[in-house]
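Notes follow once the structure below has been shown.
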Amino acid sequence: GLELSHCVGASSLGPAVPWRSGGPCKMKRVRTVFKPEQLERLEQEFLKQQYMVGTERVDLAATLHLTETQVKVWFQNRRIKWRKQSMEQKAAKLSQFGVIQPATADSTDSKDHEEDTVDVEL
């Protein structure tokens, strides 16, 4: 299920906005905390394949006692992390050879990276 934190009341910015038409206040979803065993299994599956779809995702979710959406979002976030690591490794190799890189993602504020991740359940 979808876990929601406490209601955020009206502020000086204006009245509270209904979250998904769910009520008179804005609700924020609580971040999923995975158990170490779940993370280990998810990482093993990611090493085999970067995209988990269909019955494979349903089966993995059931095995790990997670929702299908939690597994889907974990894979989305893990692919983003993998791409970032790949870019950093490529930049490091190029810098070894004296090739100057244009400004990379890691030169920006870490807050910007948080916007890349998807942590929403539908």
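The values are calculated or read from the model by the stated rules, or taken from the named source; none is laboratory data. Keep in mind the model is a prediction, meaning the values are calculated, not measured. Cβ sites come from the backbone with ideal geometry, for glycine too, and all protein chains shown count toward neighbours. What goes into the accessible areas is simple: the full protein's heavy atoms, side chains included, and nothing from ligands, DNA or RNA. Shrake-Rupley method; radii C 1.70, N 1.55, O 1.52, S 1.80 Å.
For the reader, a short list of remarks on this structure follows.
- Of the residues Gln50, Val71, Ser86, the one whose Cα sits farthest toward the positive end of the charge dipole of the range 36-95, with +1 on the Cβ of Lys and Arg and -1 on the Cβ of Asp and Glu, is Ser86.
- Mean shadow area of the range 36-95 over all directions, Cα convex hull, nm²: 4.3 nm²
- Taking amide H as placed 1.01 Å from N in the peptide plane, Met27 has its amide H under 5 Å from the amide H of Trp19, each at least 5 places away in sequence or on another chain.
- With a 1.4 Å probe rolled over the protein heavy atoms of all chains, the accessible area of Thr55, Thr63 falls in the order Thr55, Thr63, largest first.
- In order through the range 48-55: 3J(HN,Hα) via Karplus (6.51 cos²θ - 1.76 cosθ + 1.60), integer Hz, x for Gly, Pro: 6, 8, 7, 10, 10, 9, x, 5
- Rolling a 1.4 Å probe over the protein heavy atoms gives the range 36-95 an accessible area of 65 Å² per residue.
- Checked against a 28 Å cut-off, the cross-linked pairs Lys35/Lys84; Lys28/Lys90; Lys35/Lys93; Lys72/Lys93; Lys35/Lys72 give Cα-Cα distances beyond that limit for Lys28/Lys90; Lys35/Lys93; Lys72/Lys93.
- Computed over protein heavy atoms with a 1.4 Å probe, the carbon and sulfur contribution to the accessible area of the range 36-95 reaches 55%.
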